[in-house]
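Please read the structure below before turning to the comments.
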Amino acid sequence: MSPSRLRYELHISHQANNLFNKKVLYEALFYVPKGRLKRLFKRQEQKFYFGQEFGIFAIDDPRKENIHDDASVINTLAKLNHLQSIYLSQLIGTLQTNSIGFGRVQQNSTQWLSAYANDKACLERLNHELRRFDVGLESMSVEKGDQGLYAKFKHVGLDGFILLGEESAGTQRFIEIFPRLHYALESSSVTVIDELDTDFHPLLLSELFCWFSNLKRNPYNAQLFFTAHNPAILDELEEEQVFFVEKPSGQPTSIFSARDIKRLRREPSLMKKYLTGELGAVPHIG
């Protein structure tokens, strides 16, 4: 399977009061060989339709019988040595994210300090960025003590070092998520960050967006997906990059693109329109 843009869809149901009893209702994978979507496979519950490029030719291919109603096509076929699914599984395996299952992964410092200790290039790039941000931070080093790995920070004007817990929440947050961003940019993968704006200054967020839009910094077309609550971010993005999540009382959650909002022209400030409620997806208090 040659590299291409891919579109994957998955619909899952579960029984009331039992979130762990799940069933796949719909699953589909498309690719874009010449600018148009072309189906690789589609699944309606336990009915399967495979395109020729997906490599499942026979109607009675026995591998289909192993796809259970609570498992994905890709994951199952990868275990059965289906080459296309193996490739896709490996592609998915490069995903960098801080969100798994029902919530955000709360990493302890040892986990990401290990990433820096084992990858000097990542640590060097981190220090380069910290100096660029002009927060008075010269460098971070990772050392091993009696209690395990710990970080030391050298600041301009200070003779000694300070420790991680003495750094601002924003600096700590940036150091925590930086390896995910770095590895995505270096390996042409996707990174998914839940609540990217937590503890960050809006100007720093703008810089992170530039990393992914700059061809020199992102030569392999890595992608960044994130959730956020800070409306100021809207003015840093194009309509095609913005999706809103709306949770009406007593109704299912809906997701819609800013591009799909009728009569929405390219405005100088999406934030102002959002805050007035014109775009929807705002909480109703009281």
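Worth a mention:
- Any pair with Cβ under 6 angstrom, 6 or more apart, that starts in region 128-145 at a residue that is at negative phi and without any contact (Cβ under 8 Å) to a residue 40 or more places away in the chain and ends at one that is surrounded by 16 or more Cβ atoms within 10 Å (Cβ to Cβ) and aromatic (Phe, Trp, Tyr): Met140/Phe153; Val142/Tyr116
- Residues of region 175-231 that are within 12 Å of the chain's Cα centre (by Cα) and on the phi > 0 side of the Ramachandran plot: Glu195 alone.
- Which listed residue, of Asp260, Asp199, is farther than 30 Å from Tyr87 by Cβ and touching a Lys or Arg at 6+ places or on another chain (Cβ under 8 Å): Asp199
- Any pair with Cβ under 7 angstrom, 6 or more apart, that starts in region 223-245 at a residue that is farther than 16 Å from Ser213 by Cα and ends at one that is part of a loop (DSSP other than H, G, I, E, B) and β-branched (Val, Ile, Thr): Val245/Thr253
- Candidate set from region 240-259 (those that are in contact with a helix residue (DSSP H, G or I) (Cβ under 9 Å, 6 or more places away or on another chain) and over 22 Å from Thr198 (Cα atoms)); member that is surrounded by the fewest Cβ atoms within 10 Å (Cβ to Cβ): Glu240
- Pair list, Cβ < 6 Å and 6+ apart or interchain, from region 51-67 residues that are modelled with pLDDT of 85 or more to residues that are in a helix (DSSP H, G or I) and among the hydroxyl-bearing types (Ser, Thr, Tyr): Asn66/Thr76; Ile67/Thr76
- Filtering Phe48, Phe41, Phe30 for residues that are modelled with pLDDT of 90 or more, under 23 Å from the mean Cα position of the chain (by Cα) and not small (Gly, Ala, Ser) leaves a single hit, Phe30.
- Restricting region 116-136 to residues that are at pLDDT 90 or above and hydrophobic (A, V, I, L, M, F, W, C), the residue that is nearest to Thr171 (Cα to Cα): Leu130
- Annotation note: Cβ proximity below 7 Å between a residue of region 112-125 that is surrounded by 14 or more Cβ atoms within 10 Å (Cβ to Cβ) and a residue that is not in a helix (DSSP H, G or I) (sequence gap 6+ or interchain) occurs for Leu113/Val142; Leu113/Leu149; Leu113/Ala151; Ser114/Leu149; Tyr116/Val142; Ala117/Val142; Ala117/Leu149; Leu123/Val142.
- Test: residue in region 227-245 that is within 30 Å of Arg131 (Cα to Cα), in contact with a Ser or Thr (Cβ under 8 Å, 6 or more places away or on another chain), aliphatic (A, V, I, L, M) and not in a helix (DSSP H, G or I): no
- Residues that are part of a loop (DSSP other than H, G, I, E, B), among the small types (Gly, Ala, Ser) and within 27 Å of Glu138 (Cβ to Cβ), drawn from region 168-223: Ser168
- Among the conditions (1) closer than 30 Å to Thr253 by Cβ; (2) surrounded by 15 or more Cβ atoms within 10 Å (Cβ to Cβ), Arg63 misses just one, which is (1).
- Taken over region 11-27, the criterion of being modelled with pLDDT under 90 and assigned to a strand (DSSP E or B) is satisfied by Ile12, Ser13, His14, Gln15, Asn18, Leu19, Phe20, Asn21, Lys22.
The values are calculated or read from the model by the stated rules, or taken from the named source; none is laboratory data. Please read these numbers as outputs of a predicted model, since none were measured by experiment. Reconstructed Cβ throughout: ideal geometry from the backbone, glycine too, with neighbour counts over all protein chains shown.
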